[in-house]
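Here is the structure we will look at.
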Amino acid sequence: MVLVFAEATNGKFKKAAHEVVTYGAKTAAALGTECVALTLGDVTDAGDLGRFGASKVYNLSAPELATFDGSVYTAAIAGAARQLGAKVIILLHNSTGKNLVGRLAARLDAGSVPGANAIPSTDGGFSVRKSVFSGKAIADVSINTDYKVISLSGNSIPVEESGSAVSVESISVDLPAAKTKVLETKRAEGITPLPEAELVVSGGRGLKGPENWGVIQDLADALGATTACSRPVADVGWRPHHEHVGQTGVAIRPNLYIAAGISGAIQHLAGVNSSKTIVVINKDPEAPFFKAADYGVVADLFDVLPRLTEAIKAHKAG
Amino acid sequence: MKMLVCVSKTPETTTKIQLNGDHSDLDYSGVNYIMNPYDEWYALVRALELKEAAGGSVTILNVGPADNDAVIRKGLAIGADDAIRVDATGGGSLFIAKQIAAQAKAGGYDIIWFGKETIDYNGSEVGAMVAELLDVAYVGEASHLEMNGTTATVTRDIEGGIEIVEVSTPFAISAAKGMAEQRIPNMRGIMMAKRKPLNVVAAEDAAATTSVKSYELPPAKTAVKLIDPENMEELVRLLHEEAKVI
Ligand SMILES: Cc1cc2nc3c(=O)[nH]c(=O)nc-3n(C[C@H](O)[C@H](O)[C@H](O)COP(=O)(O)OP(=O)(O)OC[C@H]3O[C@@H](n4cnc5c(N)ncnc54)[C@H](O)[C@@H]3O)c2cc1C
Ligand SMILES: Nc1ncnc2c1ncn2[C@@H]1O[C@H](COP(=O)(O)O)[C@@H](O)[C@H]1O
């Protein structure tokens, strides 16, 4: 059996949860088994996960699960897996997942693949592909243990509906006391966080200064995109640090990445080269970013961005 | 504060990745190695700052072969007191975590530091594994830490924001950007590092739970399509009709 941990934010599921359930259902199909989903804490509409292929949805509610603690969540997920007889455990490779994959693997003495981006292959064993060396290679990793733990990179597979809503059963597991105490959680309201964004508009040193960011913001607003930046821009404080993408910043794989005034250094590419479509706007035709781009515009970004924004608005207006 | 900083060795970022003949492994000839940046710039430096402020010790730990000694010496040159290398090659994440946990148990450390991930395989899992094996708290992707006696207030990065948590020693933590500022070793540090203890210990038995079956290079990117800057309507049309992303 495949067990998918579907994480809810403030009680609701985002697209990423639908992705990971879709992934779990396809993995279960490849193994000839069923996929069940596990939700923790108070969630609305958990049964809806059935639409993405979960044959059953289990909910574990306990006061200890109200805020995140790695050891409590691990006990909950591993406990549920043992109780249900699930051998493959799948979660998202987001901040929660990164705190859990290692713990689950250690607890279950399992082989793990963090950051997988394709459905596992089951011919001749069990292996999962992930991108390594900053996207410069793909590794097919075999898991050699009975229990298997996989975390799925966001935006790696399309969400697919393959069923209908199911009823939700509760489950109970003994939970330990939390080892961490959450004092405060702060999230920017209203904008899609970078790792989850499908459309991203990003600016680099070519913008010349923070006062010029309006051209980036206007395009992002017209598209409904999230904004990002190169590292030097965050280092000098033109933009907040959570916008910095690349090897030392956030790694993203949106459907569309528009980069303006960014040269395309290897460390920048490391965080963005899994984007499905890349548009580069740079006045230097020799900028290395053009080699990684699908579409390029060789021009002054201050001329091009407002024009692109207008064209997007016209397109949206139909 | 007795601290352990786990450091790994990774190919330098700009390394060109090539595969061997049957794609079962990389072609390692000509690869330059560095200390994993998250371990060096953030975990190690913050540990040193805590030691400078409140006393204690900083021990570097690496699980790897003798070739890794250069990277370990760099950590000593930056300011760690001593180092341990568990002599092993490969083994995978859980194998490495079990080695680290055994050393951590023996040493009785207050804080065990990790980088948020290695930049080669981007596992971001070894720290959480060690925490589970030792049954201690773990905070992943931490960008800020303040100590107050034996309690730490830690900021961790979450999607689109931050979470502030409190943990007590002993705990494990993985460091992300923001935790500290990179330090460049000076001549004196490099000289002193040569005389600092680097203890090599044998690995414990543990199974490899994963292995790489094969590698592949990503498909070559098709040449960029250049769009006339005067014609942004054409770019929008291509994004809509050809790329189908808007
Ligand atoms: C270990 C390490 C890790 C790193 N990690 C990261 C990382 O995570 N993310 C990251 O981004 N960088 C990272 N870097 C830095 C990276 O190497 C580059 O220095 C950085 O990405 C350059 O940022 P940039 O492209 O904004 O600036 P620049 O390289 O200065 O490029 C500016 C570009 O703007 C163009 N331009 C200027 N004016 C205009 C105009 N009016 N119209 C159009 N184009 C214009 C120029 O032609 C140029 O190509 C790292 C470096 C190291 C050593
Ligand atoms: N071979 C190793 N020896 C010591 N520490 C390691 C080793 N591999 C990984 N680590 C530590 O674990 C962190 C996370 O690694 P990973 O889970 O592989 O991304 C690294 O940043 C290091 O701090």
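The values are calculated or read from the model by the stated rules, or taken from the named source; none is laboratory data. Keep in mind that what you see is a predicted model, and the values were worked out from it rather than measured. Positions of Cβ are generated from backbone atoms using ideal geometry, with glycine treated the same way; all protein chains shown enter the neighbour counts. Note: areas computed on protein heavy atoms with side chains; ligands, DNA, RNA excluded. Shrake-Rupley method; radii C 1.70, N 1.55, O 1.52, S 1.80 Å.
Pairs please, first residue from segment A:221-247 and at positive phi, second anywhere and within 16 Å of ligand 2 (Cβ to nearest atom) and part of a helix (DSSP H, G or I), Cβ atoms under 9 Å, 6+ apart in sequence or on different chains.
Final answer for the pair search is A:Gly246/A:Ala270; A:Gly246/A:Gly271.
Condition check: assigned by TED's automatic domain parsing to the domain that holds A:Gly41 and hydroxyl-bearing (Ser, Thr, Tyr). Does A:Ser131 satisfy that? Spell out the reasoning first.
Values: assigned by TED's automatic domain parsing to the domain that holds A:Gly41: yes; hydroxyl-bearing (Ser, Thr, Tyr): yes.
In short, yes.
Before we move on, is A:Gly224 at pLDDT 95 or above and more than 9 Å from ligand 1 (Cβ to nearest atom)? Let's see the steps before the verdict.
Working: at pLDDT 95 or above: yes; more than 9 Å from ligand 1 (Cβ to nearest atom): yes.
Against the criterion (at pLDDT 95 or above and more than 9 Å from ligand 1 (Cβ to nearest atom)), A:Gly224 qualifies.
Here's the yes/no breakdown for (1) open to solvent by less than 10 Å² (accessible area, probe 1.4 Å); (2) of a type outside the set (D, E, K, R); (3) within 24 Å of A:Asp303 (Cα to Cα); (4) out of contact with any helix residue (DSSP H, G or I) (no Cβ under 9 Å at 6 or more places or on another chain):
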{"position": "A:Thr227", "(1), (2), (3), (4)": "no, yes, yes, no"}
{"position": "A:Asp235", "(1), (2), (3), (4)": "no, no, no, no"}
{"position": "A:Pro240", "(1), (2), (3), (4)": "no, yes, no, no"}
{"position": "A:Pro254", "(1), (2), (3), (4)": "yes, yes, no, no"}
{"position": "A:Gly261", "(1), (2), (3), (4)": "no, yes, yes, no"}
{"position": "A:Ile266", "(1), (2), (3), (4)": "no, yes, no, no"}
{"position": "A:Asn282", "(1), (2), (3), (4)": "no, yes, yes, no"}
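Could you please give the count of residues in segment A:94-116 that are closer than 21 Å to A:Leu65 by Cα and not in a helix (DSSP H, G or I)?
1
Under 7 Å by Cβ, and 6 or more places apart or on different chains, what pairs join a residue from segment A:292-318 that is within 7 Å of chain B (Cβ to nearest Cβ) with one that is exposed (fewer than 15 other Cβ atoms within 10 Å of the Cβ) and modelled with pLDDT under 95?
Here the result reads A:Ala292/B:Lys221, each pair linking segment A:292-318 to a residue that is exposed (fewer than 15 other Cβ atoms within 10 Å of the Cβ) and modelled with pLDDT under 95.
Any chance you could count how many residues in segment A:204-220 are more than 14 Å from chain B (Cβ to nearest Cβ) and away from ligand 1 (no atom under 11 Å from the Cβ)?
Taking segment A:204-220 and keeping what is more than 14 Å from chain B (Cβ to nearest Cβ), we get A:204-214, A:216-217.
Remaining after also requiring away from ligand 1 (no atom under 11 Å from the Cβ): A:209-211, A:213-214, A:216-217.
Number satisfying all stated conditions: 7.
For A:Asn99, which of the numbered conditions (1) open to solvent by less than 20 Å² (accessible area, probe 1.4 Å); (2) over 30 Å from B:Ala176 (Cα atoms); (3) not hydroxyl-bearing (Ser, Thr, Tyr) fails to hold?
That leaves (2) as the condition not met.
Hey, does segment A:140-149 have a residue that's facing another protein chain (nearest Cβ under 7 Å) and either among the small types (Gly, Ala, Ser) or touching a His at 6+ places or on another chain (Cβ under 9 Å) (or both)? It would help to see each step written out before you state the result.
Just the residues of segment A:140-149 that are facing another protein chain (nearest Cβ under 7 Å), to begin with: A:140-145.
Filter again for either among the small types (Gly, Ala, Ser) or touching a His at 6+ places or on another chain (Cβ under 9 Å) (or both), leaving A:142.
There is at least one residue in segment A:140-149 that is facing another protein chain (nearest Cβ under 7 Å) and either among the small types (Gly, Ala, Ser) or touching a His at 6+ places or on another chain (Cβ under 9 Å) (or both).
Residue by residue through segment B:112-136, note down the ones that are open to solvent by 20 Å² or more (accessible area, probe 1.4 Å), more than 16 Å from ligand 1 (Cβ to nearest atom) and in contact (Cβ under 8 Å) with a residue 60 or more places away in the chain.
Selection gives B:Val126 alone.
Scan segment B:182-211 for residues that are assigned to a strand (DSSP E or B) and either open to solvent by 50 Å² or more (accessible area, probe 1.4 Å) or among the small types (Gly, Ala, Ser) (or both) and report the count.
Of segment B:182-211, the ones assigned to a strand (DSSP E or B) are B:198-202, B:210-211.
Add one more test, that the residue is either open to solvent by 50 Å² or more (accessible area, probe 1.4 Å) or among the small types (Gly, Ala, Ser) (or both), and what stays is B:199-200, B:202, B:211.
Selection size over segment B:182-211: 4.
Listed here are the residues, each with its yes/no results for (1) within 23 Å of the chain's Cα centre (by Cα); (2) in the same structural domain as A:Tyr147 (by TED's automatic domain parsing); (3) of a type outside the set (Val, Ile, Thr); (4) surrounded by 19 or more Cβ atoms within 10 Å (Cβ to Cβ).
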| position | (1), (2), (3), (4) |
| --- | --- |
| A:Thr27 | yes, yes, no, yes |
| A:Val36 | yes, yes, no, yes |
| A:Ala62 | no, yes, yes, no |
| A:Asp69 | yes, yes, yes, yes |
| A:Val72 | yes, yes, no, yes |
| A:Ile77 | yes, yes, no, yes |
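Return the pairs, sorted by first residue and then second, in which the second residue is loosely packed, with under 13 Cβ neighbours inside 10 Å and of a type in the set (Gly, Ala, Ser), the first residue lies in segment B:1-30 and is within 12 Å of chain A (Cβ to nearest Cβ), the beta carbons are less than 9 Å apart, and the residues are 6+ apart or on different chains.
B:Thr15/B:Gly30; B:Lys16/B:Gly30; B:Gln18/B:Ser29; B:Gln18/B:Gly30; B:Asp27/B:Gly21
Quick check, is B:Lys105 within 23 Å of B:Ala142 (Cβ to Cβ), within 16 Å of ligand 1 (Cβ to nearest atom) and open to solvent by 40 Å² or more (accessible area, probe 1.4 Å)?
No.
All but one of (1) open to solvent by 20 Å² or more (accessible area, probe 1.4 Å); (2) over 19 Å from B:Thr209 (Cβ atoms); (3) within 7 Å of chain A (Cβ to nearest Cβ) hold for B:Val139, so report the exception by its number.
Evaluating B:Val139 over (1) open to solvent by 20 Å² or more (accessible area, probe 1.4 Å); (2) over 19 Å from B:Thr209 (Cβ atoms); (3) within 7 Å of chain A (Cβ to nearest Cβ) leaves (1) as the failure.
Check segment B:44-56 and report whether any residue there is under 16 Å from B:Asp110 (Cα atoms) and among the β-branched types (Val, Ile, Thr). Let's see the steps before the verdict.
Of the residues in segment B:44-56, the ones under 16 Å from B:Asp110 (Cα atoms) are B:44, B:46-56.
With the extra rule that they be among the β-branched types (Val, Ile, Thr), the set shrinks to none.
No - not one qualifying residue is present in segment B:44-56.
Among B:Val86, B:Val63, B:Val45, B:Val58, which is in contact (Cβ under 8 Å) with a residue 24 or more places away in the chain, near ligand 2 (Cβ under 10 Å from one of its atoms) and open to solvent by less than 10 Å² (accessible area, probe 1.4 Å)?
Just a single option satisfies the conditions, and that option is B:Val86.
Please go through segment A:113-128 and pick out each residue that is more than 9 Å from chain B (Cβ to nearest Cβ), within 21 Å of the chain's Cα centre (by Cα) and of a type in the set (S, T, N, Q).
Hit for segment A:113-128 is A:Asn117, nothing else.
Limited to segment A:146-167, what total is found for residues that are over 20 Å from A:Glu19 (Cβ atoms) and surrounded by fewer than 20 Cβ atoms within 10 Å (Cβ to Cβ)?
From segment A:146-167, those over 20 Å from A:Glu19 (Cβ atoms) are A:146-147, A:167; that's our starting set.
If we keep only those that are surrounded by fewer than 20 Cβ atoms within 10 Å (Cβ to Cβ) as well, we get A:146, A:167.
Residues flagged as over 20 Å from A:Glu19 (Cβ atoms) and surrounded by fewer than 20 Cβ atoms within 10 Å (Cβ to Cβ) within segment A:146-167 amount to 2.
Please return the ranges of strands (runs of 3 or more DSSP E) entirely within segment A:139-248 where 3 or more residues are not acidic (Asp, Glu).
Values: elements: A:148-152, A:168-170, A:181-187, A:199-203, A:226-229.
Qualifying strands (runs of 3 or more DSSP E): A:148-152, A:181-187, A:199-203, A:226-229.
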